[in-house]
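See structure below.
The values are calculated or read from the model by the stated rules, or taken from the named source; none is laboratory data. As the structure is a computational prediction, the values presented were derived from the model and not from experiment. Every residue, glycine as well, gets a Cβ built from its backbone with ideal geometry; the counts of neighbours run over all protein chains shown.
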C-alpha cells in the first residue's frame, strides 16, 4: 500500500509523484487553479487552515523553497514554524525519530521536510502519527514532487493537455531529484513523449526504465519538442571528473536561440531556478518570450497551497493527532 | 517582596517556582487544564492575546523550548518575535539594560528569556517597565520553572493529588536548573516525599536544605516511588572529573525495567528531553507503558499558554507600557 | 523623475528623504501621529494590510531595525517574511535581479531592503514590478530615511514646528547614512538652521553644499541649539587614522551636561542607538531628563507603520503585481 494515500485513495502525504493515479495528479492541478485567484488579489489570504500548525523542518538550507512553503501556509492562514535542524536539536544528539515524536507532541498538523538523504520524508511519513501529514520539499537525489507539480501546472497552463506533448529534460539527470519527479509526473499525466538530454556521465544507469527516450545531443533531442525543462547544474560537479568545463558544458548543452531553432516554434522554456546564466542557458533564452520561468515561481505558491489544503483541509484531519 | 507577584498577590512575572504560594501553583495547573481542550482541536487557537507582542529573547540557543513558547503564544493569537541575541545586538556592544529599554520602547508585552547566567530573567524583571511581564525559559543553573510546571501538570494528570506521592529526581542535580525548579514546585504543592538520587559529585552541597531526601543508589532511592523524574545528562560532564564513563553512569544510574522493579507498580517515568538513550535510560523504559515523556511535551504548550494568559490576559495589562 | 513618486506625486517607494516635497514629509508625520494611538493600546493591531506580504530583505544583519519593521508590518496585520540574504541565495551565486524577480513572482507587496552598498534600495525600486514598493532600511553611507523620519517625528512631538529650530548633528558625518537623511529631512521640513559638529577627518568634502553650517568644536556648535542629534560611532574607525582614542573622542565630542550648558535650556537629546556609553555621551545625558532616545524607538514603529500604510494601503496597490 502506498504510504501517500489513505484507504479511500485520498492524499495523506505528498512524498513523490511516482505511482500517483492520474486523477489525483489532475486534482492537484485543478485545486491549484482555484488558488491562483487568491494570490493575484490584494488580500492574498483565505481562512482555510486557520489554527493549524505547519512546521518547516529543513535539514538542508533552502531559503527559496522554504519561503514558498511559508507563503503558501500563511496565505491559507495556518501558523508556520521554521526549524532549521542543522543548527538545532541534532547538535544535542537527538535522533530523528525522537525529534519527530516531540514535534508531534506539540500538536502540529504537517511537516514540510527537506533533507540531503533520499527517503527521509517517507521515513517520517511512515512513523508520523495518524493526524499528521508530511510534504516532501526535496530528499537527496530521490524526489522534489512539489517542484514537479508546479512544473506540470505551468505546462498545462500553456499547453492545455499533456497527450500531444513532446517534453525534453536537459542536464544533470543523474543527480537531480527534480528530474525524477518531473519524469514520473509527466508519465502519470499521459505526456506523449518524455525525453532526457544529457552526457552519458550525467545519466543514471537504465534511465530508459523510467519511461524516457535518451538523447546525448541537443540537435536531435530538442527536435519538435513543445516543452524544454532545463535542470540546474550543481557547480561542484565541475570540479569532479563528471563534467568538462562550464564553457564546454554550455557549448554542448547550454540553451540558446540557435539550439532552440529545431524545437516547436511555440515551445516553452522552464527552469527550477536559480539559473546559472551562461551555463544552463544564456540570458536571451532565460528572459526571452518563450521563458515561463517566473510563472513557475508564482505557480509554486498556488500548487503548495493546493497540496496543503488537500492534506490538511479535510474535515476531521488534524484532530486528536 | 517577591518580584513575581503584584501587590494583590497575582502573578506578574514567572521566574522561579521557589516561594510561590500553593494556590497560585494550583491556579497555573487549573488554567493549563482549560487549554488542553484548545490544543487538541483542529483549530488550535483562541483570540485571548490578539494584538499583544511576545518577544523570545534567547541568549542561549534552544530550538525546542523556543518552539513551545512560540506555539503557546501563537495559539493565544499573540504576535511573536524571535531574537537570538548571540548573533545580534550584543555584537554591537549594547548592554543588556539598553537592549531591554529599546525592546520595551517598541511596546512589547512580554519577554521570554533564556540565558546561560543565573539570575538574568529576574534582573530583567526587576528593571522592566510596569506593563511588561517576564517569563524565565531557563537561567544558568538557577531555574527552569515552566519545565517544572509542565512536569507538575503531568504528575497531577496521572496521580490526582500530590500529598501521597513519593517522587524521585535522578541524575545531575548539581548542574540542573530543572531539578531546582522541580523540587520547589513539588514541595510547594505538598508532595509527600521528594528524593534525589545522584552520585556525590553531582549533588549540591547542603542539598537537604532544599527539602529532599538524598540517595546515592537507585536500589534504595527508587523503592516505592510513584514518580521517577530523570534529568538530562550534559555529555560534556563526561570529559571532566565529575563522572565516570557513560557506560558506568548507565550501569549505576541509568533507568531500566530491572531497577524500576522496586518502584510502585504504577510509577510514571518522566524526562525533560531530549533523552540520551542508553545513558539516562534505555529505550524499553523511554518508550514503555509507564513513560509519560511525550505527554510532558504536549502539556508544555498548555502550561505556557496558561502562564502567558495569566500574565498578559488580565484587563489593563500591557496598556500604556 | 523621482523614482519615489508616482505620476500623481504620491509616495511609491521610500528610499531617501532627499528631494521629497515638504507636504509629503508632513503627510508622513501626520500619518505616523494617527498610529501612535494604536501602539499604545493593549490590542496593538489594525487590519489595514491584512493579506499583504512584506519581505524583509536584509543583506546586512540588523536585529534592531529588522525588528521595528517586522513589528510595524505585523501591527498592520501584514504577513512578514524575513530573508537574511548573507546566508541564503547569494551563496548559490544568484544575481540580485534574479532574486528580486523570484520574490516578486511569489506575489509580495513590499521589500524592506538593507544593504552595505549605497544605491541598492533604489536599484531594486527601479527594477521592481509596478505593484511593489521598496522601503530603504539603510544602504551603505547613502541613506537611512525611516530613521530620519522617526527623528523628525520626535522633534515635532517636542518642538511643534521646525522653522525656529537650531539643530546640531554631532559625530561621524562622513560615514553616516543617518546624518545624510537627517540633513535632507530637516531642510525639507524648513528647519531654521542645521549644524554639523565633527572633526575635519569625519566630515565629507563640501559638506556645506548639503545645507549645513559646519563646526569643529562643541562649545560653539552647541550654542543655543534646540535639538542635539548624536551619531553612533563605529568603533572600527578607532583603529584607523581617522580618530584619536575613544577617551580623546569623548573629551572633545562626547556629550556631557557641561558641554550642554551652552545649548537652549529645553534642548532635547537624540541618538539612533545603540549608544556607546562613555564615547558618544555619558549616562547622565543618555538617561537624563532631556533625552528622548527611547521615544525615538517607540516612534520608529509608528513611522514605519505610516510609511507602509501610505505605500501599500492605497486602493489598487499590490494588485496584479
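What is the residue count in region A:271-311 for residues that are within 13 Å of residue A:254 (Cα to Cα) and either at pLDDT 95 or above or not in a loop (DSSP other than H, G, I, E, B) (or both)?
So the count comes out to 9.
Which one is surrounded by the fewest Cβ atoms within 10 Å (Cβ to Cβ), of the residues in region A:55-89 that are assigned to a loop (DSSP other than H, G, I, E, B) and touching a residue at least 12 places away in the same chain (Cβ under 8 Å)?
Taking the candidates together, the pick is A:61.
Is it the case, given these coordinates, that residue A:95 is over 25 Å from residue B:292 (Cβ atoms) and either within 12 Å of chain C (Cβ to nearest Cβ) or free of Cβ contacts under 8 Å to residues at least 40 places away in the same chain (or both)?
For residue A:95, the condition - over 25 Å from residue B:292 (Cβ atoms) and either within 12 Å of chain C (Cβ to nearest Cβ) or free of Cβ contacts under 8 Å to residues at least 40 places away in the same chain (or both) - is not met.
Can you pull out the residues in region B:62-74 that are touching a strand residue (DSSP E or B) at 6+ places or on another chain (Cβ under 8 Å) and at the interface with chain A (Cβ under 8 Å from one of its Cβ atoms)?
Across region B:62-74, the qualifying residues are B:63, B:67, B:70, B:71, B:74.
Would region B:236-255 turn up any residue that is away from chain A (no Cβ under 14 Å), part of a strand (DSSP E or B) and modelled with pLDDT of 95 or more?
Yes, some residue in region B:236-255 is away from chain A (no Cβ under 14 Å), part of a strand (DSSP E or B) and modelled with pLDDT of 95 or more.
If only one of A:15, A:71 is within 24 Å of residue A:187 (Cα to Cα), at pLDDT 95 or above and touching a helix residue (DSSP H, G or I) at 6+ places or on another chain (Cβ under 7 Å), which one is it?
Of A:15, A:71, the one residue that is within 24 Å of residue A:187 (Cα to Cα), at pLDDT 95 or above and touching a helix residue (DSSP H, G or I) at 6+ places or on another chain (Cβ under 7 Å) is A:15.
So which of A:206, A:224 is touching a strand residue (DSSP E or B) at 6+ places or on another chain (Cβ under 8 Å) and loosely packed, with under 13 Cβ neighbours inside 10 Å?
Checking each option against the conditions leaves just A:224.
Looking at region C:245-259, can you tell me whether even one residue there is surrounded by fewer than 22 Cβ atoms within 10 Å (Cβ to Cβ), at positive phi, in contact (Cβ under 8 Å) with a residue 12 or more places away in the chain and touching a helix residue (DSSP H, G or I) at 6+ places or on another chain (Cβ under 8 Å)?
Scanning region C:245-259 turns up no residue that is surrounded by fewer than 22 Cβ atoms within 10 Å (Cβ to Cβ), at positive phi, in contact (Cβ under 8 Å) with a residue 12 or more places away in the chain and touching a helix residue (DSSP H, G or I) at 6+ places or on another chain (Cβ under 8 Å).
Out of all the residues in region A:86-97, which are more than 20 Å from residue B:301 (Cβ to Cβ), in contact with a helix residue (DSSP H, G or I) (Cβ under 9 Å, 6 or more places away or on another chain) and modelled with pLDDT of 60 or more?
Hits for region A:86-97 are A:96, A:97.
Considering region C:19-50 alone, what residues qualify as being more than 14 Å from chain B (Cβ to nearest Cβ), surrounded by fewer than 19 Cβ atoms within 10 Å (Cβ to Cβ) and assigned to a loop (DSSP other than H, G, I, E, B)?
Across region C:19-50, the qualifying residues are C:19, C:21.
Taking only pairs six or more apart or across chains, which ones have beta-carbon atoms under 8 Å, a first residue in region A:159-170 that is not assigned by the TED database to the domain that holds residue A:181, and a second residue that is in a loop (DSSP other than H, G, I, E, B)?
none
Collect the residues in region C:111-147 that are in a helix (DSSP H, G or I), within 19 Å of residue C:85 (Cα to Cα) and over 14 Å from the mean Cα position of the chain (by Cα), keeping them in residue-number order.
C:120, C:122, C:123, C:124, C:125, C:127
Can you tell which of B:186, B:231 is at pLDDT 95 or above, crowded, with 21+ Cβ neighbours inside 10 Å, in contact with a helix residue (DSSP H, G or I) (Cβ under 7 Å, 6 or more places away or on another chain) and closer than 25 Å to residue B:266 by Cβ?
Just one listed residue meets the conditions, B:231.
In this structure, is residue A:150 more than 14 Å from every other protein chain (Cβ to nearest Cβ), touching a residue at least 60 places away in the same chain (Cβ under 8 Å), farther than 27 Å from residue B:277 by Cβ and within 14 Å of the chain's Cα centre (by Cα)?
no
Tally the residues that are within 10 Å of chain A (Cβ to nearest Cβ) and buried (at least 18 other Cβ atoms within 10 Å of the Cβ), restricting the search to region B:295-310.
So the count comes out to 7.
Taking region C:98-128, which residues are under 24 Å from residue C:50 (Cβ atoms), within 12 Å of another protein chain (Cβ to nearest Cβ) and touching a helix residue (DSSP H, G or I) at 6+ places or on another chain (Cβ under 7 Å)?
Answer for region C:98-128, where residues must be under 24 Å from residue C:50 (Cβ atoms), within 12 Å of another protein chain (Cβ to nearest Cβ) and touching a helix residue (DSSP H, G or I) at 6+ places or on another chain (Cβ under 7 Å): C:105, C:106, C:107, C:109.
Within region B:256-270, count every residue that is in a strand (DSSP E or B) and more than 23 Å from residue B:172 (Cβ to Cβ).
Count: 0.
Does residue B:148 satisfy being surrounded by fewer than 21 Cβ atoms within 10 Å (Cβ to Cβ) and either out of contact with any strand residue (DSSP E or B) (no Cβ under 9 Å at 6 or more places or on another chain) or at pLDDT below 95 (or both)?
When the stated conditions are applied, residue B:148 does not pass them.
Name every residue in region B:27-44 that is touching a helix residue (DSSP H, G or I) at 6+ places or on another chain (Cβ under 8 Å) and within 12 Å of residue B:75 (Cα to Cα), in order of residue number.
Passing the criteria: B:35, B:36, B:38, B:39, B:44.
Of the conditions (1) in contact with a strand residue (DSSP E or B) (Cβ under 7 Å, 6 or more places away or on another chain); (2) over 28 Å from residue B:23 (Cβ atoms); (3) not in a strand (DSSP E or B), residue B:183 clears all except one; give me its number.
(2)
Can you tell me which residues in region C:159-177 are crowded, with 20+ Cβ neighbours inside 10 Å and at positive phi?
Across region C:159-177, the qualifying residue is only C:171.
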